[in-house]
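Written below as C-alpha cells is the structure these notes are about.
The values are calculated or read from the model by the stated rules, or taken from the named source; none is laboratory data. On a predicted model such as this, the values are computed, not experimentally measured, just so you know. Positions of Cβ are backbone-derived with ideal geometry, glycine not excepted, and every protein chain shown enters the neighbour counts. Accessible surface areas use protein heavy atoms only, side chains included; no ligands, DNA or RNA. Shrake-Rupley method; radii C 1.70, N 1.55, O 1.52, S 1.80 Å.
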Amino acid sequence: MSITASRPQDLMGLSADEYDTILEILGRAPNVTELGIFSVMWSEHCSYKSSKKWLKTLPTEGPQVIQGPGENAGVVDIGDGQAVIFKIESHNHPSFIEPYQGAATGVGGILRDVFTMGARPVANLNALRFGSPDHPKTRHLVGGVVAGIGGYGNCIGVPTVGGEVNFDPSYNGNILVNAMTVGIASTDKIFYSAAAGVDLPVVYVGSKTGRDGIHGATMASAEFADDSDEKRPTVQVGDPFTEKLLLEACLELMATDAIVAIQDMGAAGLTSSSVEMASKGDVGIELDLDRVPRRESGMTAYEIMLSESQERMLMVLQPGREDEARRIFAKWELDFAVIGTTNASGRLTLIEGGNEEANIPVAPLVAAAPEYDRPWTPAPPCAVVNADEVPAADDLGDALISLVGSPELCSRRWIWEQYDHMVMGDTVVRPGGDAALVRVHGTGKGLAMATDCTPRYVEANPIEGGRQAVAEAWRNVTAVGATPLAVTNNLNFGNPERPEIMGQLVGAVQGIGEACTALDCPVVSGNVSLYNETNGKAILPTPVIGCVGVMSDVAKAVTLDFKAAGDTIFVIGETLGWLGCSLYQRQITGDTTGAPPPVDLASERKNGDLVRHLIADGVLTACHDVSDGGLAVALAEMAMASEIGTDIGATINVSTDIPTHSWLFGEDQGRYVVTTAAPEAVVDAAATAGVAAHAIGVTTVSTLTLPGARPISVAEIRATHEHWLPDYMAAG
Amino acid sequence: MKARIHITLKSGVLDPQGKAIQQALTGLGFDAVEDVRQGKYIEVELSESDAEAARTKVSDMCEKLLANTVIENYDIEIVD
Amino acid sequence: MPAAVIVFPGSNCDRDVAVALEAATGRPPAMVWHQESSLPQCDLIVVPGGFSYGDYLRSGAMAAHSPILRTVIDRAHAGTPVLGICNGFQILAEARLLPGVLMRNASLKFVCRDVDLRVERTDTIFTSGYATGQVLRVPIAHHDGNYFTDAETLQRLEDGGQIAFRYCDSDGNVTADANPNGSIANIAGILNAQGNVLGMMPHPERLAEALLGGTDGAAMFGALAEAIAA
C-alpha cells in the first residue's frame, strides 16, 4: 500500500507542523502504519491536545487519592484496605451513528478501564443528552441508547444504578452518551500500565481482532493506491458475554502475582495500549503481528494496530508465568497469545511476515504529542434577572404540574426499568433518588454516586456552571448521608478551534477546579469530548461530573421519599428566589435568560456538612437536594416517592418577602429539603453550624398544598410525572 | 458443504417482535402489510460430502439446539 | 454439602443466590462449574440467573446442553429439589425439565422492577414458608420472561396444581395490568409434575434482606433450608 495524497498527513488528520515533527523524530518519512500510529496517538482523543493546558490546573490530589488522572481510572482509598476505582467516558459520536452498539460499547469500554486496574465493577451510571423531543431522530436515539446501555450492563451483570437525561435542540445532531463505572479493589492489588522490566512477555487476551472501528473519519477521506476494498465498517459491536468472561479471567489472574502491567485496548486499540505501557515503563516493545489473534484474513499491519475491536486486553507478565495465565484464559474460553517482548531499545517495533513494519522511538512519540494553547474568549456576562421580571403563573399548582410533567423533569422510570439495577445484591438506594447507594459487598459500608451537569447554566456562565456541576453532584452524594471523596469529569464541548467554545471549556474547568478545591473533592479521572457540533452549531457546554462518596454504615442512609404524616419539613440553606436561567422561567416564557444562580462554595460546604451530620445522628426521615425546578419540584418529588397507596404530601406555610413564585421555583444553590420527627434537633444543629434552616411546613396525608397553589393530590402529581416519557416513546 | 437453516415461530405462537415490525412498517406507510413473522437464519459449514447425511446431521442439530421445537419450526437447505 | 449452585459462563446471579443460601443454611453452597460432569453431595440444586452463553441463540438454550445439565436432569428425575431462577428457569425449560418456553417480553423491553406475586401452592418444599394466596413482593429483571405453552399443557398445569406463582396486583388479583411480560395466565413460576423442580422468573434472592428493600424472598430459602436439613 502506498500513499498517493500530495500531502500525506492529510490522510490522517495531522497538521503540516505535526507531520514535520514526525519527520524529525524518525529522521525519515513514515510509512503508512507509522503515520497511522502517530495520527491516533496525537489525535484529540488520545493526546488531549486542546485541553491539556487547562486540565493541568485541576486539583487532583488529596490524602484519599491513591491514583489521580493518567491511568485507566482514578483510585481512591475507602478505608479497611479497600479502594474505589472509577471513571466516566464519552461515546458520543458512535452512539449517534448506531445508538444501540454505540452506547453498548461505551459501557463495555468504561467497564474495562475499571477492571483493568484490578477492581470488580459494582455499579454503572450514565449521563445522556438528546436533541429536542420533536426532532425526528430523537425517539429512535433514546430507545437505542437506553437498550444498548441495558443490553451490555444487564448481560455482564453490573447494576446500572443512576444517571441523568436532558433534552435540548443543541444536541439534535450530537447526542451525548457518557458512561461511568465504579469498581472496588484491594489497595494492595491495584494494577497499572507501566511495563517496567525488559525481556518480559507481552500477552494479548480477549476477543480476536477484526477491522472494527478503524480510523473511521480519516479513512473515509483517504485515498489509497491499491486499495479497492469495500468500505470498512467503523461501528464496533459489543459482546458483553465475552467481556464477562474477560472480567472473570482477568480478576482470576490478578489474584496471582503474574501480572507486571495491564492495559485495555480501547480507542486506538493495540497502538495506544502498547505505546502507553512502553512509555510508562520506559522500555521498548517488539510485537510480532503474525501472532495477533484475528477474525478476518488479509489484515495489514496498519489495520491490526488501529483496529478498535472490543473486549481485548494487553498484558505484560512476569517471565515464566505464561502457562499459568494461559490456563486461566483457556478455562474462560478466551484467546491468549504471547505477541511480543519488552526490551531496552525504547522503541516500538512491529514485525509482520519477517518484515519490520514500524520502528518508532516511544518517548518522543508520547512527549512530542502536540499541546495547543488555543485562543479563547470568555463568555460575555449575562444580566441578573430579578424575580419580578418573570411573571407569576395564575395558579402555581398548575405551573408545578406542567413542570413535573415536562420532558426535563418527568420520571425517568421508563429508562431505568430497562436497566438491571439490583444484580450483585448490594443496591441499597435504587435509581430515582439523589444518589444511588451500593453496599461494599460483605461489609456495612456503602458507596454513594451521582452524575450531574446543568448545561444551560454552563452556557450562561461557564465558571458558575462548572462550579454548579460539581456542587450538585457533591450535594446529591451528601443527601443520602455519604461523604463525597472525589469526582470524575467528562468535558463535552463543541469545536475548540472556535475561541468562544474554547472560552466555555476554560471557564468550566476553572469553575470545576474551584469547586473541587473548596469541597475537598479532587478530580481523579476524566475524559474530554470536543468537536460536538453540526453545521457550526455547537452543543450546550456539558461538563458532566460524576461524584463518588463513602458511607460507613449504609443502614443510616436516608432516601428522598416522605415517610409519614406529621414530620416537620425544613429547608436547609437560604432561599432568595433566583429565577434567572430556571426551568420555571422557561416554562412560563419559553426560554431561559439571565445569569444562573451563583454557587457560594463556603455555604455549599457548610450546609452539606450539616445535612450529613444530621443523617449520621439519625435525625432526618427524608432528605432531597434542591435543584431544577426549585423547592416546589423538590417537595413534589418527595411526595411522589412515598409509598403508593399510602401517599404522603405536605402542607407548606411560609411568610417571605420575596414573590411566592420565586420562593417556590427559584433555583438557589446549596439547599436541601429535609423532614424530621425531631425539629428541635435540626434547629439546634443548624444554629451551632451557622446554617440557615427554616421550618416550612409538615407532611400530611395524600395532598400537596403549596402557597399560591391549588391543593394537588399526590396521585395527580405522580400520574403527570410518570406519563410523559412512556407516552412519548410509545408514540413512535 | 453448507447448510442454510431458517427458524420460524410456529403459526399460532404470538410473535411480539413480528408485531412490532408490522406496526413500524404500517407507520412508514406500507399499508398493504397484513402480517409479519420474524425468525432466525443460521449458516453451518460442514465437512460432509453427502447431502442426505448432511441434512440428517443438521436436522439433529435443530432438534437438539438450534430450534426450540415447542414454539419453532425449522427448514433446512443444503448447498454445495 | 446441602446446596449446589451451577455456574455457567455468563451466569451473574450466582453470587447473589449463594449469599441468600448461606444466610438461610448457615453454610456456603458448592459452586459447580458447567464443565463438571458430576455434582457434589447435595440436597438442593440451584440454577441461577444471568446470561448463560450471552443468551445467544435463545435464552438458556446452550446452557441446557452443557455437561453438568445432564447430571442435573438425572438428579431431578431422582427427586433432588431443583430451583431455577430467571435464566435458570429458561435453562430448565430448554432442558425440558419444565414444560413451556420463555419468550421475549410482550413490551420487547428488558424490565427490572418489583412485582407482586400470588402464592398458588404452599405444599411444596419451595413455598411452605408462605400462606396460600399470600402476596409477595419480589423483583423481576429479564428480557425473555413471557411464559408460553400450548392450551393442552396449560390445562395440565392448572389441573395438576403446577403453577406456583402468578403475577398479581397488590391485593392479589390476577389482572392483565399486573402482568409485566405477557405471560400466559400471568404465570411467574411453575413446578414439574413431581413438585421437586421449580422455575420462576422473579428473583427471591434479591429481596431477602430488609436493607435491600424487602424480605419476602427470604422465606423461600428458609423453607428450603429446613427441608434439606430434615
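Shielding by partners for A:655-661, please: the mean number of other protein chain Cβ atoms within 10 Å of each residue's Cβ.
Numbers: counts 0, 0, 0, 0, 0, 0, 0.
Across the residues of A:655-661, the mean count of other-chain Cβ atoms within 10 Å is 0.
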Completion exercise
The orientation-averaged projected area of the Cα convex hull of the protein assembly as shown, in nm², is 42.5 nm²
Exercise for the section: With a ≥ b ≥ c taken as the square roots of the eigenvalues of the C-alpha gyration tensor of the range C:3-229, please select rounded if a/c is under 1.5 and otherwise prolate if a/b is larger than b/c or oblate if it is not? Expected result: rounded
Completion exercise
Residues of the range C:83-109 that bury at least 50 Å² of accessible area, probe 1.4 Å, when all protein chains are present rather than the chain alone, are C:Arg96, C:Val101, C:Met103, C:Leu108, C:Lys109
Problem - Heavy-atom surface of chain A, accessible at 1.4 Å and reported per residue (Å²) - result: 33 Å²
Exercise for the section: Take the alpha-carbon positions of the range A:9-126, form their convex hull, and give its projected area averaged over all directions (one quarter of the hull surface) in nm². Expected result: 10.2 nm²
Completion exercise
When A and C pair up, the total accessible heavy-atom area removed from solvent (1.4 Å probe), in Å² to nearest 100, is 2500 Å²
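Based on the Cβ-Cβ distance of A:Glu61 and A:Ser713, what FRET efficiency does E = 1/(1 + (r/R0)^6) give at R0 = 60 Å, to the nearest 0.05? Display every interim value, and only then the final one.
Details: r = 51 Å, r/R0 = 0.86.
Given R0 = 60 Å and the Cβ-Cβ separation, E is 0.70.
At a probe radius of 1.4 Å, figure out the C/B buried accessible area, summed over both chains, and give it in Å² to the nearest 100.
In total, this chain pair buries about 1300 Å².
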Problem - Other protein chain Cβ atoms within 10 Å, averaged over every residue that makes up C:11-20 - result: 4
Completion exercise
Rounded to whole angstrom, the alpha-carbon centroid of the range B:1-78 lies from that of the range A:663-732 at a distance of 54 Å
Problem - Accessible surface, the range B:2-79, averaged per residue in Å² (probe 1.4 Å) - result: 61 Å²
Handout entry: Cross-link pairs A:Lys244/A:Lys331; A:Lys445/A:Lys606; B:Lys40/B:Lys64; B:Lys19/B:Lys40; A:Lys244/B:Lys64; A:Lys137/B:Lys40 - those with Cα-Cα distance over 18 Å
Key = A:Lys445/A:Lys606; A:Lys244/B:Lys64; A:Lys137/B:Lys40
Handout entry: Antiparallel content of DSSP bridges confined to the range C:1-103, in %, to 5
Key = 10 percent
Completion exercise
Each label sits 7 Å from Cα toward the beta-carbon; between A:Val701 and A:Arg327 the label points are separated, in nm, by 6.8 nm
Practice task
Report in % the part of the accessible area of chain C that belongs to carbon and sulfur, leaving out ligands and nucleic acids; probe 1.4 Å.
Solution key: 48 percent
Practice task
Just the number, please: carbon plus sulfur as a percent of the accessible area of chain A, 1.4 Å probe, no ligands or DNA/RNA counted.
Solution key: 51 percent
Problem - Per residue accessible area in Å² of the range C:3-229, where ligands, DNA and RNA are left out and the probe is 1.4 Å - result: 34 Å²
Exercise for the section: Have a look at the range C:192-216 and report residues whose accessible surface goes down by 10 Å² or more when the remaining protein chains are included, against the chain on its own, probe 1.4 Å, ligands and DNA/RNA excluded. Expected result: C:Arg206, C:Glu209, C:Leu211, C:Leu212
Completion exercise
Rounded to one decimal in Å, the inverse mean reciprocal Cα-Cα distance for the range B:2-79, i.e. its Kirkwood radius, is 14.0 Å
Problem - Cα coordinate range in the range A:618-731, projected on the principal axes (Å, largest first) - result: 54, 31, 24
Exercise for the section: May I ask you to compute the full-extension gain from A:Asp520 to A:Asp553, defined as 0.36 nm times their residue separation minus their alpha-carbon distance, rounded to one decimal in nm? Expected result: 9.7 nm
Practice task
With a/c under 1.5 counting as rounded, go ahead and sort the range A:267-361 into rounded, prolate or oblate using the C-alpha gyration tensor (a ≥ b ≥ c being the square roots of the eigenvalues; past the cut-off, prolate if a/b is larger than b/c, else oblate).
Solution key: oblate
Fill in the blank from the handout: Within the under-13-Å Cβ sphere about C:Leu44, not counting C:Leu44, Lys/Arg +1 and Asp/Glu -1 give a net charge of -1
Handout entry: Three semi-axes of the equivalent ellipsoid, the range A:591-650, Cα gyration tensor, whole Å, largest first
Key = 25, 21, 5
Handout entry: Shielding by partners, peptide A:408-419 (average Cβ within 10 angstrom, other chains)
Key = 2
Completion exercise
Residue-normalised 222 nm signal for chain A, counting each DSSP H run of n ≥ 4 as -39,500 (n - 2.57), nearest 500 deg cm²/dmol, is -10500 deg cm²/dmol
Problem - Portion, in percent, of the accessible area of the range B:2-79 that falls on carbon or sulfur, probe 1.4 Å - result: 52 percent
Practice task
Could you tell me whether the range A:356-428 comes out rounded, prolate or oblate from its Cα gyration tensor? Rule is a ≥ b ≥ c as square roots of the eigenvalues, rounded for a/c under 1.5, then prolate if a/b exceeds b/c, otherwise oblate.
Solution key: oblate
Practice task
Taking 50 Å² as the minimum loss, tell me which residues in the range A:146-160 lose that much accessible area going from the chain by itself to the full protein complex (1.4 Å probe).
Solution key: A:Asn154, A:Cys155
Completion exercise
With the 8 Å Cα cutoff and a minimum separation of six or more residues, chain A has a relative contact order in percent of 15 percent
Handout entry: Summed residue charge, Cβ within 15 Å of A:Gly630's Cβ, Lys/Arg positive, Asp/Glu negative
Key = -4
Handout entry: Per-peptide average of other Cβ atoms within 10 Å, ordering A:679-686, A:266-273 highest first
Key = A:266-273, A:679-686
